[in-house]
Amino acid sequence: MPSPGHTATDDEAKTTQPMVQATTALKILCLHGKNGCSSSFRPALAPLADALGPSVVFDFMDAPHELGSATDRAWWLLPPGERSFTAPAYEGDEDAIEAISAAWRERGPYDGVLGFSQGAMLAAIITARGALDQGPAPRFALMFGSATPKPYEKLLAALGEQGCSVPTLHSISAVDRMNPPEMGEWVAGCFAPSAELLRHDAGHVVPRDAASVETVRAFVSKFSGAREACE
């Protein structure tokens, strides 16, 4: 114990100063829908980004397949007349999965994954694979306007049988005319018992109303306190 009037040395000051806890921003990988791209998806998440502020970093990624232009993209290709929830097989889906894995290595790791429409189906695939020790494992996932990714139906069913501990939020609209809402319900059921539902009446979109934004903000905010680093 130093005597009265003692001036602490630099070494003593370093050992006696308190540790400061700094919250590290959550990093979420964002997957756009078919016929979109990373830049076109940003405005859809702007209200949520504003609500969460600097506590969350959204990293937007382009799908690997161009459909007509650089801004018209897809995570996989479909046979003529098929939809993602009817096609028995996709073309190029392995490219999408590998692109996600590469992003996880090079730009991540990510805390969560967020997807819309076809991107939500891919988010379901990635999250299920991670939960089953088959790939990168997000801590949480958000899926907006998903349907059943038909070729991966057995993967999701296997997860449902095992039970999933990864928290997920599923945004479902009864007036979705693009992807059947009952399929979104089925996908959510595969992530039970940790799945939560967000119901809205805006259709096939990322909902922007205040109540929906607050529900998503509250869900994501549950994970921000778990990432703290000492400075």
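Read-outs throughout are calculated quantities, based only on the coordinates presented, and are distinct from any laboratory measurement. Just so you know, these numbers come straight off a predicted model, no measurement behind them. Glycine gets a Cβ as well: all are built from the backbone with ideal geometry, and neighbour counts include every protein chain shown.
Comparing Ala70, Ala158, Pro180 along the charge dipole axis of the chain, the residue lying farthest to the positive side is Pro180, per the Cβ-charge model. Counting only DSSP H runs of at least 4 residues, each contributing -39500 (n - 2.57), and dividing by the residue count of the chain, the helix-based mean residue ellipticity at 222 nm comes to -11000 deg cm²/dmol. Put a plus charge on the Cβ of each Lys and Arg, a minus charge on the Cβ of each Asp and Glu, and nothing anywhere else: the dipole of the chain about its Cα centre is then about 300 debye. Distance from the alpha carbon centroid of the stretch 193-208 to that of the stretch 148-187 works out to 12 angstrom.
Within the chain, the proportion of Cα pairs with more than 22 Å between them is 53 percent.
Pairs of Cα atoms nearer than 8 Å and 6+ residues apart set the relative contact order; for the chain it is 21 percent.
Across the options Gly33, His170, Val220, the greatest Cα extent toward the positive end of the charge dipole of the chain (unit charges at beta carbon of Lys, Arg, Asp, Glu) belongs to His170.
A Förster radius of 30 Å combined with the Cβ-Cβ distance from Glu214 to Ala89 puts the calculated FRET efficiency at roughly 0.15.
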